[in-house]
């Protein structure tokens, strides 16, 4: 009897301790991915919009390539079922609607990838005006998904 | 008792200028904020203009002409009670309308000040973002959004009230806000004493100058009240 109770207790502890472990890991990695992209977005903004005189073609190319690489890395894998709940580096802000509108998600994700790839291409060209315009389009693609599938900051 | 009807100046020129610039800049801030992308730069500029306008309005509430002063229209319980009993006499903001004016100003200050510290997790942040932690900025962004929702509700209420007056009370509230003039029944007791044009102009310049100074300071990250970190020395990063 004692052994049985102990087994139940162990099972209870282990399931609660490991519940959502995979989900939390996905959330953590995707938060890292977006944070890393934001770092690169910030570098492009600083050089193309805030201080165009500091524009460095190679640095902007490197940043744009980094964004495109993350965008193309198959981020959808990190949005597994149930990952609207859980905590990575911090609590996720993914809305449950994300899993109910796969077509809309695909459209927004495809838009984002297209704009990110286009930015990498335009960065190679080295025309600050073109980079700035494409940078704006990328920002709009970010915003479209934030507005739809991201819980507002509390 | 019938008084001869006369035209009086109900809204002074600075107040009208404030009102319509506020309408334009808030409309522009809403559109640019909703569209995002590169328009966020313009959203930030609109925010700074709104900040200046609000600073001006708050000052004008103390040193402006009679109908602009908070003490003349602040909706106290006594005034509200008198208004609801039909005993209110005046030509400026009526006590119920004053409630809405105060609410609009408070919410506009809220949405503007939180916006100075906010960030959108994409590429934009307010001019005072560097003064707070990212965590605080995120919290401010949440409130920026909430104040925005409240602002939309109040703007709709404001427009509905204007429509209500036009349809049911046959009163055009928009025209006096454009011309400043309003036809009223002459009633000496309720006619505000207008100060001399020179005095008004002087106070207008003073309030305007202070507002410009506030905007300049905020646009420059809080100068000269916040010590600005010198531009970081060029760091030589290794080639990897």
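Considering each of B:51, B:58 in turn, give the residue that is crowded, with 19+ Cβ neighbours inside 10 Å and either in contact with a helix residue (DSSP H, G or I) (Cβ under 6 Å, 6 or more places away or on another chain) or within 29 Å of residue B:11 (Cα to Cα) (or both). Break it down into steps so the answer makes sense when it comes.
Numbers: B:58 fails: crowded, with 19+ Cβ neighbours inside 10 Å.
Criteria check complete, one pass: B:51.
Any residue at all in segment B:3-12 that is in a helix (DSSP H, G or I) and surrounded by fewer than 20 Cβ atoms within 10 Å (Cβ to Cβ)? It would help to see each step written out before you state the result.
First pass over segment B:3-12, keeping only residues in a helix (DSSP H, G or I): none.
Scanning segment B:3-12, I find no residue that is in a helix (DSSP H, G or I) and surrounded by fewer than 20 Cβ atoms within 10 Å (Cβ to Cβ), so the answer is no.
Would you confirm whether any residue within segment B:116-125 is more than 14 Å from chain A (Cβ to nearest Cβ), at pLDDT 95 or above, within 25 Å of residue B:48 (Cα to Cα) and in a helix (DSSP H, G or I)?
Taking segment B:116-125 first, the residues more than 14 Å from chain A (Cβ to nearest Cβ) are B:116.
Subsequent filtering for residues that are at pLDDT 95 or above retains B:116.
Now narrow it down to the ones that are within 25 Å of residue B:48 (Cα to Cα): B:116.
Subset that is in a helix (DSSP H, G or I): B:116.
Yes: segment B:116-125 contains one or more residues that are more than 14 Å from chain A (Cβ to nearest Cβ), at pLDDT 95 or above, within 25 Å of residue B:48 (Cα to Cα) and in a helix (DSSP H, G or I).
Got a sec? Which of A:109, A:62, A:116, A:133 is over 20 Å from residue A:21 (Cα atoms) and more than 13 Å from chain B (Cβ to nearest Cβ)?
Details: A:62 fails: more than 13 Å from chain B (Cβ to nearest Cβ); A:116 fails: more than 13 Å from chain B (Cβ to nearest Cβ); A:133 fails: more than 13 Å from chain B (Cβ to nearest Cβ).
That would be A:109, the only listed residue that is over 20 Å from residue A:21 (Cα atoms) and more than 13 Å from chain B (Cβ to nearest Cβ).
Condition check: within 14 Å of chain A (Cβ to nearest Cβ) and either out of contact with any helix residue (DSSP H, G or I) (no Cβ under 8 Å at 6 or more places or on another chain) or not in a helix (DSSP H, G or I) (or both). Does residue B:81 satisfy that? It would help to see each step written out before you state the result.
Working: within 14 Å of chain A (Cβ to nearest Cβ): no; either out of contact with any helix residue (DSSP H, G or I) (no Cβ under 8 Å at 6 or more places or on another chain) or not in a helix (DSSP H, G or I) (or both): yes.
Judged against the criteria, residue B:81 is not a match.
Take segment A:48-94 and flag every residue that is over 14 Å from the mean Cα position of the chain (by Cα) and part of a loop (DSSP other than H, G, I, E, B).
A:51, A:55, A:56, A:81, A:82, A:85, A:86
Determine whether segment B:93-102 contains at least one residue that is buried (at least 20 other Cβ atoms within 10 Å of the Cβ) and closer than 23 Å to residue A:147 by Cβ.
Scanning segment B:93-102 turns up no residue that is buried (at least 20 other Cβ atoms within 10 Å of the Cβ) and closer than 23 Å to residue A:147 by Cβ.
Taking residue A:104 and the conditions (1) more than 15 Å from the chain's Cα centre (by Cα); (2) within 14 Å of another protein chain (Cβ to nearest Cβ); (3) surrounded by fewer than 19 Cβ atoms within 10 Å (Cβ to Cβ), which numbered condition does it fall short on, given that it satisfies the others?
Residue A:104 satisfies every listed condition except (2).
If residue B:25 meets every condition in (1) within 14 Å of chain A (Cβ to nearest Cβ); (2) under 11 Å from the mean Cα position of the chain (by Cα) apart from one, which number is that one?
(1)
Collect the residues in segment B:24-75 that are under 24 Å from residue B:156 (Cα atoms) and outside any helix (DSSP H, G or I), keeping them in residue-number order.
B:36, B:74, B:75
Yes/no per residue for (1) part of a helix (DSSP H, G or I); (2) closer than 30 Å to residue A:151 by Cβ; (3) more than 14 Å from chain A (Cβ to nearest Cβ):
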position: B:143; (1), (2), (3): yes, yes, no
position: B:147; (1), (2), (3): yes, yes, no
position: B:150; (1), (2), (3): yes, yes, no
position: B:153; (1), (2), (3): yes, yes, yes
position: B:167; (1), (2), (3): yes, no, yes
position: B:184; (1), (2), (3): no, no, yes
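The values are calculated or read from the model by the stated rules, or taken from the named source; none is laboratory data. Because the structure is a prediction, the values reported are computed rather than measured. Please note: Cβ atoms are built from the backbone with ideal geometry, for glycine as well, and neighbour counts cover all protein chains shown.
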